[in-house]
Amino acid sequence: MAELGVPRFVVERVLNHTDRTVTSVYDRYIYSAEKMTAVRKLGAFVDRMATRHRTQALRDASSDDRLRDRRLGNETAREAANLEKPRNRGAWNFEITT
């Protein structure tokens, strides 16, 4: 959360750590607004990371599919070419009629 600009003191409050300094006796403020802001920043960060991960996973999957299709497509094309290849009867086939 520090990377997101949340002060260390607020991070400690979000994590429910107690403040053991002398001033903690007099500081009775709950810091709810600051904690809510910190948690929202963290939530937005996690959403961005999850979106990036999903997007990359989708790209990888589609890339794998395209490669597989290309491989299968090439094999299928080769098989089709072998099946459709005419038998070697000579380059020229003429019927001679008299």
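Starting from residues that are among the charged types (D, E, K, R) and free of Cβ contacts under 8 Å to residues at least 12 places away in the same chain, keep the ones in region 4-18 and report whichever is farthest from Ile30 (Cα to Cα).
We begin by selecting, within region 4-18, every residue among the charged types (D, E, K, R); these are 8, 12-13.
Add one more test, that the residue is free of Cβ contacts under 8 Å to residues at least 12 places away in the same chain, and what stays is 8, 12.
Values: Arg8: 15, Glu12: 12 Å.
Among those residues, the one meeting the criterion is Arg8.
Any residue in region 20-42 that's closer than 15 Å to Arg8 by Cα: show its pairings with residues that are assigned to a loop (DSSP other than H, G, I, E, B) and small (Gly, Ala, Ser) at Cβ separation under 9 Å, as long as the two are six or more apart or on different chains.
Listed by first residue and then by second, the contacts come to Lys41/Gly5.
Quick check on region 1-42: of everything there that is surrounded by 13 or more Cβ atoms within 10 Å (Cβ to Cβ) and part of a loop (DSSP other than H, G, I, E, B), which residue is farthest from the chain's Cα centre (by Cα)?
Here the residue is Tyr31.
Read-outs: derived from the displayed coordinates by stated rules, not from any lab. Every value quoted in this text rests on a predicted model; they were computed, and no experiment measured them. For neighbour counting, all protein chains shown are included, and Cβ atoms are generated from backbone atoms with ideal geometry for every residue, glycine included.
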